[in-house]
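Novice: Starting off with a structure, shown below.
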2 protein chains.
Amino acid sequence: MSDWHIARGFRFAGLHCGIRPDPNRRDLALMVSDVPAAAAGVFTQNRVRAAPVRVCQERLPAADLRGVVICSGNANACTGQRGLDDARHMTAVAAEALGCRAEQVLVCSTGVIGRHLPMPQVESGIRAAVPQLTADTAALDAAARAILTTDTRIKVSTQLLTLDGAEVRLTGFAKGAAMIGPNMATMLAFVLTDAAVSPAGLVDIARRAAAQTFNCVSVEGHTSTNDTLLVLANGSAGQPLKGRSLTQFEEAATVVCGDLARAIAADAEGATHLIRIEVKGLRTDEEARRVARAVADSALVKTAIFGADPNWGRIVSAVGYCGVEFEEEHLSLWLGDFPLYESGTPQAFDSAAASAYLKNTRDISMRLRFTLGPGRCTFYTCDLGYEYVRLNADYTT
Amino acid sequence: MSDWHIARGFRFAGLHCGIRPDPNRRDLALMVSDVPAAAAGVFTQNRVRAAPVRVCQERLPAADLRGVVICSGNANACTGQRGLDDARHMTAVAAEALGCRAEQVLVCSTGVIGRHLPMPQVESGIRAAVPQLTADTAALDAAARAILTTDTRIKVSTQLLTLDGAEVRLTGFAKGAAMIGPNMATMLAFVLTDAAVSPAGLVDIARRAAAQTFNCVSVEGHTSTNDTLLVLANGSAGQPLKGRSLTQFEEAATVVCGDLARAIAADAEGATHLIRIEVKGLRTDEEARRVARAVADSALVKTAIFGADPNWGRIVSAVGYCGVEFEEEHLSLWLGDFPLYESGTPQAFDSAAASAYLKNTRDISMRLRFTLGPGRCTFYTCDLGYEYVRLNADYTT
């Protein structure tokens, strides 16, 4: 926390407003840019989009964004016109307190679907947050905490780099836990920077970074209604970036998004393993992503990893139904360093040692190699155990 | 069992040959038709097809089929050329004992993927099965038992009807449990009839019946390498069916397939609820099937049902990512008789009563109504609980 880099010109607050019954549980975050910021977003591809997602989409990209208000414990999704009115009203309340227009404020929500927000509490919370806004790591910590749902820890990633002679900071934070897509997730992620980047530039960077990171993470393949990545750039660090500097900035933003995406998979509900699935040798990157996702989303693969069972037939059979054309002889498979399947033929391996690897290693790797082309993808998921069932069998009631 | 109708001219056997360690556990079944039978099959759409699936596909449709040998405990999948040789050899051994050509025998396997069969045991088992073949219900019971894996009970459905003045019998049996697709499953299903139907007629009937039944069942959406439906018609009941009689026969075959498909979902690994998902009002039946399948495959929906949690937002959000275009106002949802969501607006409902319905009802229903057309689908799945995790976390090791 002490080594976090806070992008200049941003302030944060996180507090308990009353969406959640537990008064010790923060459920409302506010972040503001002291000067108008460029902003872009990437959103869920679910047809059912939560009210705050719709409001963000109406307002982005933007050149003069001032703030984002976020609540947790209630997704404000499937809430009809009233939900949309509530989401807009949240931005209006924040704008009034900040002295800007409602259109300069965005809104995000995460939590239970299909319930109306307790607006009196939310309104009071927003007003109470404004005087608490500060630019230090404690405030970022409070905001990062306030957006969590069943996450067990905050997810923060920051970068400091020098571009065109000026120090540039990127400050990212996110929440995940379950209903993780991909194509985003019940995932909220925010990347704030003091770099100067145009709204159009941010749109491209956000889309490309999300494709390589958040869209390569899955917990159970259930694309949420609320998935949102927002990128804000307020230019406090100097002149607009271009050319090589802009490329370096994009790389740093992708690193931040990658850190946050992996943190989401690692802290997925009930997860005991982070699973890295590296696929190479398909015709295209998209084919590689389909292969990886089919493996990542298979409950049979995930329960096998949970049980430290090197039951690799489940991996190969998941690849077989993902819709990508191949023959078995095109495929080889390693679990960690154990070669299990080579060019369509099962390999003799030490099953007890492979099981011990799964049991004793928190971060598992699977490598799938095809012989069909240059397409590749690295995808992250987690195992599926009793705790996922326990957490999800009794969430709303 | 006493009211099962055994199609005339078929005999069955089921015994322990030694694939499984437990000597009390049957693991090999044989069924024969005393006269050459027409035969057709429907198989997994997985690119990775088990060796026995490939052998069946080479030999079907057929006009002079004599037998089917089935083993459980080992899927003979991902086993390369040796697996293919083993599968063909199983048919040759059975053919020799039955006095027919190897091409007149089919083979199916189900169980662990990626292991070679213990062929000495399998060969002895096939030879031992031939003298045990009988046409009574005890023999059918033994065969139905010998094909099971983690199923907790046998699945048999039979029909007796009079067509063109002659009694016709259909005898179906199946196994399921997990890795249930749809687009078939680690599912083996057999429908035998003494009706006279041409191979070409059986091909059409098998395909249409599977589309409405086995392809509308899912446990965790993991399409298996071994899924097989075989339909055999040996004509012992009389003249070839045509016209209205053929249609009645197809209806009866679809009833048998539907019974078996529902039995598979109801007996899925660890399932405590059979979930019926009825979708109406989409543009096409295929759209309705996509909607139903997305709901059926969602781990979040399935864990909520397991936990008796009427968390309907998970249902609506699953619909949202299935790829079918709609707006929220086109959708209404009932859980049992509880209206939860109407034309895009959440409905007030008695959450405790809805939870009690889920807790106290073994067979749950969900109804999704769209306003976009005549397309419909009825799909079956099950809930996801601790027992599914337990069974699948430690299956091979």
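The values are calculated or read from the model by the stated rules, or taken from the named source; none is laboratory data. Since the model is a prediction, treat every value here as computed from it, not as a measurement. When we count neighbours, we look across all protein chains shown, and the Cβ atoms used for this are built from the backbone with ideal geometry, even at glycine.
Novice: Do we find that B:P346 is touching a helix residue (DSSP H, G or I) at 6+ places or on another chain (Cβ under 9 Å), surrounded by fewer than 24 Cβ atoms within 10 Å (Cβ to Cβ) and either within 14 Å of chain A (Cβ to nearest Cβ) or of a type in the set (A, V, I, L, M) (or both) in this structure?
Specialist: When the stated conditions are applied, B:P346 passes them.
Novice: Filtering the range A:223-239 down to residues that are touching a Lys or Arg at 6+ places or on another chain (Cβ under 7 Å) and not aliphatic (A, V, I, L, M), which residue is modelled with the lowest pLDDT?
Specialist: A:T225
Novice: Return yes when A:E325 is within 22 Å of A:G373 (Cβ to Cβ), loosely packed, with under 15 Cβ neighbours inside 10 Å and under 34 Å from the mean Cα position of the chain (by Cα) and no when it is not.
Specialist: Numbers: within 22 Å of A:G373 (Cβ to Cβ): yes; loosely packed, with under 15 Cβ neighbours inside 10 Å: yes; under 34 Å from the mean Cα position of the chain (by Cα): yes.
For A:E325, the condition - within 22 Å of A:G373 (Cβ to Cβ), loosely packed, with under 15 Cβ neighbours inside 10 Å and under 34 Å from the mean Cα position of the chain (by Cα) - is met.
Novice: Among the numbered conditions (1) touching a Ser or Thr at 6+ places or on another chain (Cβ under 6 Å); (2) surrounded by 24 or more Cβ atoms within 10 Å (Cβ to Cβ); (3) not hydrophobic (A, V, I, L, M, F, W, C), tell me where A:G67 comes up short.
Specialist: (1)
Novice: Here's a follow-up. Checking A:K242 against (1) over 13 Å from the mean Cα position of the chain (by Cα); (2) closer than 15 Å to A:V191 by Cα; (3) charged (D, E, K, R); (4) modelled with pLDDT under 95: exactly one of these is not met. Which one?
Specialist: (2)
Novice: Based on what the data block shows, is A:I70 of a type outside the set (S, T, N, Q), in contact (Cβ under 8 Å) with a residue 24 or more places away in the chain and over 21 Å from B:A348 (Cα atoms)? Please lay out each step first, then the result.
Specialist: On the way: of a type outside the set (S, T, N, Q): yes; in contact (Cβ under 8 Å) with a residue 24 or more places away in the chain: yes; over 21 Å from B:A348 (Cα atoms): yes.
When the stated conditions are applied, A:I70 passes them.
Novice: Among the residues of the range B:14-47, count how many are assigned to a strand (DSSP E or B), away from chain A (no Cβ under 14 Å) and out of contact with any Pro (no Cβ under 9 Å at 6 or more places or on another chain).
Specialist: 13
Novice: Looking at this structure, is B:R293 in the same structural domain as B:A356 (by TED's automatic domain parsing) and not hydrophobic (A, V, I, L, M, F, W, C)?
Specialist: Against the criterion (in the same structural domain as B:A356 (by TED's automatic domain parsing) and not hydrophobic (A, V, I, L, M, F, W, C)), B:R293 qualifies.
Novice: Residues that are facing another protein chain (nearest Cβ under 7 Å) and either surrounded by 21 or more Cβ atoms within 10 Å (Cβ to Cβ) or closer than 15 Å to A:V279 by Cα (or both): does the range A:331-338 have at least one?
Specialist: No; the residues of the range A:331-338 include none that is facing another protein chain (nearest Cβ under 7 Å) and either surrounded by 21 or more Cβ atoms within 10 Å (Cβ to Cβ) or closer than 15 Å to A:V279 by Cα (or both).
Novice: Can you tell me how many residues within the range B:36-58 are under 20 Å from B:F10 (Cβ atoms) and touching an Asp or Glu at 6+ places or on another chain (Cβ under 6 Å)?
Specialist: 1
Novice: If we only count helices (runs of 4 or more DSSP H) wholly inside the range A:241-318, which ones have 3 or more residues that are within 12 Å of chain B (Cβ to nearest Cβ) and buried (at least 24 other Cβ atoms within 10 Å of the Cβ)?
Specialist: Hits in the range A:241-318: A:285-297, A:299-306.
Novice: Let me ask another. Would you tally the residues in the range A:41-63 being under 20 Å from A:L202 (Cβ atoms) and under 17 Å from the mean Cα position of the chain (by Cα)?
Specialist: 8
Novice: Here's something else I'd like to know. Quick one: which strands (runs of 3 or more DSSP E) sit completely within the range A:325-379 and have at least 1 residues that are among the basic types (K, R)?
Specialist: Numbers: elements: A:332-335, A:338-342, A:363-369.
Result: A:363-369.
Novice: Could you identify the single residue in B:V231, B:V316, B:V256 that is of a type in the set (V, I, T), over 28 Å from B:G41 (Cα atoms) and in contact with a strand residue (DSSP E or B) (Cβ under 9 Å, 6 or more places away or on another chain)? Steps first, please.
Specialist: Working: B:V231 fails: over 28 Å from B:G41 (Cα atoms); B:V256 fails: over 28 Å from B:G41 (Cα atoms).
Among B:V231, B:V316, B:V256, only B:V316 is of a type in the set (V, I, T), over 28 Å from B:G41 (Cα atoms) and in contact with a strand residue (DSSP E or B) (Cβ under 9 Å, 6 or more places away or on another chain).
Novice: Look through B:R283, B:R262 and report the one residue that is within 19 Å of B:L384 (Cα to Cα) and of a type in the set (D, E, K, R).
Specialist: B:R262
Novice: Among the residues of the range B:51-86, which ones are within 14 Å of chain A (Cβ to nearest Cβ) and either under 15 Å from B:M31 (Cβ atoms) or in contact with a Phe, Trp or Tyr (Cβ under 6 Å, 6 or more places away or on another chain) (or both)? Working first, answer last.
Specialist: In the first step, residues of the range B:51-86 are kept if they are within 14 Å of chain A (Cβ to nearest Cβ); the result is B:51, B:53-54, B:73-86.
Residue satisfying the conditions is B:V53 alone.
Novice: How many residues are farther than 14 Å from A:A268 by Cβ and within 11 Å of another protein chain (Cβ to nearest Cβ) if we restrict to the range A:357-385?
Specialist: Of the residues in the range A:357-385, 2 are farther than 14 Å from A:A268 by Cβ and within 11 Å of another protein chain (Cβ to nearest Cβ).
Novice: When the range B:105-131 is examined, which residues are found to be of a type outside the set (A, V, I, L, M, F, W, C), part of a helix (DSSP H, G or I) and touching a helix residue (DSSP H, G or I) at 6+ places or on another chain (Cβ under 8 Å)?
Specialist: Result: B:E123, B:R127.
Novice: When the residues of the range A:105-141 are filtered to those that are in contact with a Leu (Cβ under 9 Å, 6 or more places away or on another chain), of a type in the set (A, V, I, L, M) and buried (at least 18 other Cβ atoms within 10 Å of the Cβ), which remaining residue is nearest to the other protein chains (Cβ to nearest Cβ)?
Specialist: Out of the qualifying residues, it is A:V122.
Novice: Just to be sure before I move on: is B:V389 of a type in the set (A, V, I, L, M), at the interface with chain A (Cβ under 10 Å from one of its Cβ atoms), within 30 Å of A:D309 (Cβ to Cβ) and buried (at least 19 other Cβ atoms within 10 Å of the Cβ) in the structure I sent?
Specialist: It is true that B:V389 is of a type in the set (A, V, I, L, M), at the interface with chain A (Cβ under 10 Å from one of its Cβ atoms), within 30 Å of A:D309 (Cβ to Cβ) and buried (at least 19 other Cβ atoms within 10 Å of the Cβ).
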